[in-house]
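Notes follow once the structure below has been shown.
The values are calculated or read from the model by the stated rules, or taken from the named source; none is laboratory data. These numbers come from a predicted model, not from an experiment. Here the Cβ positions follow ideal geometry from the backbone for every residue, glycine too, while neighbour counts run over all protein chains shown. What goes into the accessible areas is simple: the full protein's heavy atoms, side chains included, and nothing from ligands, DNA or RNA. Shrake-Rupley method; radii C 1.70, N 1.55, O 1.52, S 1.80 Å.
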Amino acid sequence: MTTDEVAPAGDVDSGRADVRAALRRLGAVGAFGDDGEDPTTGLLAAVRLVREVAAVSLATAFSAWSQRMVVEYLRAARLPDDGLSAALRTAEVTGATALAPAIADLAGTGTIPVTATRDGAGWRLTGTVAWASNLFDDAVVVAPARTSDEGRLVVLFRRTDPGVTPEGPYDLLGLNGTGAGGLHLDGVAVGPDRVLTDDLAAFLGTCRPAMLLMQTALALGLADAALAAVDTHLVPGALLRRDAQDLSDQRDDVARRTEDLAGDRVGLAPGDLARLRLAAMDVAAEAVRLECSVAGGEGYRAGSDTARRVREAAFLPVQAPTVAQLRREITAAGVRQ
């Protein structure tokens, strides 16, 4: 897929358009994988595509990340094939990942707000999903739930299932076309074929490399766009050109390490992926800051690409795992070592 096929970034950011058409175009070219995909080469291709799309529209790239992660979750769970994975790969239905509370729960900094009560061979879900994106139409939602005996599940349900009440879409600082909102769950039935795992820690451990490497690609794409914009404003010999070159070198180093890990995930030390994503976010933030410095008053206009990238950069640190959670992980890894 070429970047000119992506929905207009300003329209998606403001909510004048949403990401569904772009997701379907991405699905049509195999962006979300296929049945015979090799996991290693597939992840590398996904990382490259997320970066390419993020350079044009972080909102669209973020939704593509969510779509791909739901496909990854189903692959890791190895549920019976009922056509759902195929519908997600083509983006006929959208995939919403709502695992942020699971990350906080495992870190000991939060509680999963959805409870699961036994109902025959299955479960009934009650509680709230405070935030998820891609909540369009009959979206597939993947969320954690806690049981009465302190067990932890990852479950799948549909936005239109009985007992699911959507809230939103939220009015956001940016990324308004991503279908972000919340859900209230009241006795939502989940059969045993919709339980992805009852071992939350192991499941997230399996999916975490894909999650963090594609999140790193989001930041790299934003850095690409900001640095390209800086280049259009700087004349030869400009005082800030050295700063731009330094940031480009840092960006290239993070990109090389990201691709190396996406192509071969062996030998990862604890905290490596967290450090990589933090480095990418730092480069993106500095690149956007430099763009603001050289764009002048035009960049301060709300409808400018520069202003949109400021809003996009503000989103990166709050995407789970958040900056605080990543730093806590690095600290814990240092203690263990």
(message) At 1.4 Å probe size, with the rest of the protein present, what percent of the exposed accessible area of region 1-159 is carbon and sulfur atoms?
(response) 49 percent
(request) Please list, in chain and number order, the residues 5+ apart from D119 or on another chain whose amide H is under 5 Å from its amide H, with Hs placed from the backbone. (result) R124
(request) Give the angle, between 0 and 90 degrees and rounded to the nearest 10, that separates the Cα long axis of helix 305-315 from the longest principal axis of the Cα atoms of the chain. (result) 40 degrees
(request) Find the relative contact order for the chain and round it to a whole percent, using C-alpha pairs within less than 8 Å whose residues are 6+ positions apart. (result) 19 percent
(message) Considering only C-alpha atoms, what is the centroid distance from region 213-287 to region 124-171, in Å?
(response) 34 Å
(request) Quick one: pull the percent of accessible area on region 199-287 belonging to carbon and sulfur, 1.4 Å probe, ligands and nucleic acids left out. (result) 54 percent
(request) Lys and Arg at +1, Asp and Glu at -1: add these up for the other residues within a Cβ distance under 12 Å of V93 and post the number. (result) +2
(request) Take the alpha carbon gyration tensor of region 114-213, find the square roots of its eigenvalues, order them as a ≥ b ≥ c, and report rounded if a/c is under 1.5; if not, report prolate when a/b exceeds b/c, else oblate. (result) oblate
(request) Using amide H atoms built 1.01 Å from N in the peptide plane, name the residues 5+ places from V114, or on other chains, whose amide H lies under 5 Å from its own. (result) T128, R146
(request) Once you have all Cα-Cα distances for region 1-137, histogram them in 10 Å bins from zero and send the whole-percent values. (result) 11, 36, 33, 17, 2, 0
(message) Taking θ = phi - 60°, what integer Hz values does the Karplus form 6.51 cos²θ - 1.76 cosθ + 1.60 yield along region 139-154, in sequence order, with x for Gly and Pro?
(response) 4, 8, 10, 10, 9, x, 8, 10, 9, 5, 9, 6, x, 10, 10, 10
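Ignoring ligands, DNA and RNA, what accessible area per residue does the chain give at 1.4 Å, in Å²?
43 Å²
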(message) What are the ³J(HN,Hα) couplings of region 54-60, residue after residue, when phi is run through the Karplus curve with 6.51, -1.76, 1.60 and θ = phi - 60°? Round to Hz, x for glycine and proline.
(response) 5, 5, 9, 8, 5, 4, 5
(request) Can you check what the Kirkwood hydrodynamic radius comes to for the chain, Cα pairs only, in Å to one decimal? (result) 20.4 Å
(message) If I model region 77-129 as equal point scatterers sitting on the Cα atoms and use the Debye formula, what is log10 I(q)/I(0) at q = 0.20, 0.23, 0.28 Å⁻¹?
(response) -0.98, -1.01, -1.00
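Quick one: grab the alpha carbon gyration tensor of region 137-276, order the square roots of its eigenvalues as a ≥ b ≥ c, and give me rounded if a/c is under 1.5, else prolate or oblate depending on whether a/b is larger than b/c.
Judged from the Cα gyration tensor, region 137-276 comes out oblate (a/c at least 1.5, b/c at or above a/b).
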(message) Nearest 500 deg cm²/dmol is fine: what mean residue ellipticity at 222 nm does the chain get from its DSSP H runs of n ≥ 4 alone, each adding -39,500 (n - 2.57), divided by its residue count?
(response) -16500 deg cm²/dmol
